[in-house]
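Written below as structure tokens is the structure these notes are about.
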Amino acid sequence: MDFARYLTVLRNGWKWIGAFAIIGAVLAGTYSMLATPQYRATTTLFFYISGADSTTQLLQGSTYAQNQVRSFALLAEQPVVLDPVIKQLNLDETSVQLSKQVTTSVPLDTVVLDVIVTDQSAQQAAAIANAIGAQMSTAISNLSPSGPGASTATVRVSTVAPAQVPQYAYSPNTKQNVAFGLILGVI
């Protein structure tokens, strides 16, 4: 088909194209309005090594923490962390169900861990994220090795950014869905 033929089809069928575009946009908007909103809350944790006496030990500790933070990220989705959170918040779900709401992110070459919780309630998402952050500190203190001659764990966790109650749902994205429905209708 050449360009002139496309223009002829467009000129003759613009009403149908417009109608399908509007139908696509309306269907996408309806879907967005009927979908259950999902909220995301993130708490950020910082891992560090305590008890280092020299620069060399600090460097080794930093490298150790950096290597371990990915393992710690996996720990955030395990029953050792989630079961106490469920008990603390009186949640009506299992650790397997809760783990599906939890994701983690570790920026490359850092000792920072973002714990991201998705829930239908904005307050619940923030409460779960903050409870996981607090429980991570306890679990890592119990699981990490202690320094020579020390009775406390060498790996420490600090919450550097507690989760805030999200103001807006991240899903569904109504504007994006309507635009996609409009484009699909035109096609």
(request) Output ³J(HN,Hα) for segment 5-16: one whole-Hz value per residue in order, computed from phi by the Karplus curve 6.51 cos²θ - 1.76 cosθ + 1.60 with θ = phi - 60°, and x for Gly and Pro. (result) 5, 4, 5, 5, 4, 5, 5, 7, x, 4, 5, 5
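From the Cα gyration tensor of the chain, with a ≥ b ≥ c the square roots of its eigenvalues, which class applies: rounded if a/c is under 1.5, or else prolate if a/b is larger than b/c, or else oblate? It would help to have the intermediate numbers written out before the result.
Values: a/c = 4.54, a/b = 2.36, b/c = 1.92.
Taking the square roots of the gyration eigenvalues as a ≥ b ≥ c, the chain is prolate.
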(request) Taking H placed 1.01 Å from N in the peptide plane, check which residues at least 5 places from Gln164 or on another chain put their amide H under 5 Å from its amide H. (result) Thr42
(request) Taking the chain as the reference, fit the longest principal axis to its C-alpha atoms, fit the long axis of helix 122-143 to the helix C-alpha atoms, and give the angle between the two in degrees, 0 to 90, nearest 10. (result) 30 degrees
(request) Enumerate the amide H contacts of Ser144 below 5 Å, restricted to partners 5 or more residues apart or on another chain; note that Pro and chain-start residues carry no placed amide H. (result) none
(message) Counting only other residues whose beta carbon sits under 14 Å from that of Ile86, what net charge do I get with K and R as +1, D and E as -1?
(response) -3
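At 0.36 nm per residue, and after removing the present C-alpha to C-alpha distance, how many nm does the segment from Trp14 to Leu74 gain when stretched out fully? Walk me through the intermediate numbers first.
On the way: separation 60, 0.36 × 60 = 21.60 nm, distance 5.37 nm.
Between Trp14 and Leu74, full extension yields an extra 16.2 nm.
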(request) Read phi for every residue in segment 91-103 and hand back ³J(HN,Hα) as whole Hz from Karplus 6.51 cos²θ - 1.76 cosθ + 1.60, θ = phi - 60°, with x for Gly and Pro. (result) 7, 9, 7, 8, 5, 5, 5, 5, 4, 6, 8, 10, 10
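Values in this text are rule-based calculations from the coordinates and carry no lab data. Please read these numbers as outputs of a predicted model, since none were measured by experiment. FYI the Cβ positions are ideal-geometry reconstructions off the backbone, even for glycines, and counts take in every protein chain you see.
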